[in-house]
Amino acid sequence: MSEGEDAGGAGEGARPRLPPGQAARFEHRPQHYGRVPVFRPERWDFRVFGATASLGTYRWTWDEFGSLPRTDVVRDFHCVMRFSVPDVPWAGVPATEIVRLAPPSPEVTHVMAWGEYGYSANMRVGDFLSEGVVLATHRDGARLAPEHGFPLRLVVPHLYGWKSVKWLRSVEYMVGDRRGFWEERGYHNGADPWKEERYSHQERPGNGPPRR
């Protein structure tokens, strides 16, 4: 198990298996905004840009990305729609490896993950570098299904699922915070499921920048 006790309960004083307000669901029905993009490997690339240490942009083609070091993780997946999928196996490139290959400037505090069609999700750089965060190419031992984010999906298992950007194309290093797609539309800037950070009206001063 990825963390905590069985979904059915926890011992006295132990952290429960699921965050508050969540129910276990063992089938992960994909949810996304917009249509599923078509993958064209000859046109696809992955980029890291913004406040890099070199002030340059890093780029990998599909073949180059496939040669990067990989890892396997098993983590629970928490959706803001009040369900959690226990023990999801993911495989891909650790976020720490991306940062090693494309170092950020020391002033970087946040990253913006960018998917197809301009979808975005922001997070603290510490969240991006947390254990278990991967740029996933596989789920359940097989290539990602198109509706689950093929060819590449960011997986940030300790935050609500909208931060785990499907159809990932780039990561932007930022020296300040900026809201992403759903954060601009009423979702909480932090997205910590253990604090039930679901919606922006729950935010306290300092939880995030103003919405545009």
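The values are calculated or read from the model by the stated rules, or taken from the named source; none is laboratory data. As the structure is a prediction and not an experimental result, all values here were calculated from the model. Counting neighbours? That spans all protein chains shown, and the Cβs are built from the backbone with ideal geometry, glycine included.
Applying a threshold of 7 Å to beta carbon distances and a minimum spacing of six or more residues, or different chains, the list of pairs starting in the range 61-85 at a residue that is of a type in the set (D, E, K, R) and ending at one that is assigned to a loop (DSSP other than H, G, I, E, B) reads Arg75/Ser2; Arg75/Gly132; Arg75/Pro157; Asp76/Ser2; Asp76/Glu3; Asp76/Pro157; Arg82/Gly21; Arg82/Gln22. For Arg59, the test of being at pLDDT 95 or above, within 27 Å of Pro104 (Cα to Cα), surrounded by 15 or more Cβ atoms within 10 Å (Cβ to Cβ) and among the basic types (Lys, Arg) is failed. Filter the range 42-55 down to the residues that are loosely packed, with under 15 Cβ neighbours inside 10 Å and under 16 Å from Val111 (Cα atoms), then identify the one that is modelled with the highest pLDDT. Applying the filter and picking the extreme gives Ala53.
Within the range 132-169, the set of residues being under 29 Å from Pro210 (Cα atoms) and either of a type in the set (Val, Ile, Thr) or over 12 Å from the mean Cα position of the chain (by Cα) (or both) comprises Val133, Val134, Val155, Val156, Val165, Arg169. Contact annotation: no residue pair with Cβ atoms under 6 Å, 6 or more positions apart or on different chains, pairs a residue in the range 36-54 that is without any contact (Cβ under 8 Å) to a residue 12 or more places away in the chain and closer than 15 Å to Lys166 by Cα with a partner that is hydroxyl-bearing (Ser, Thr, Tyr) and not in a strand (DSSP E or B).
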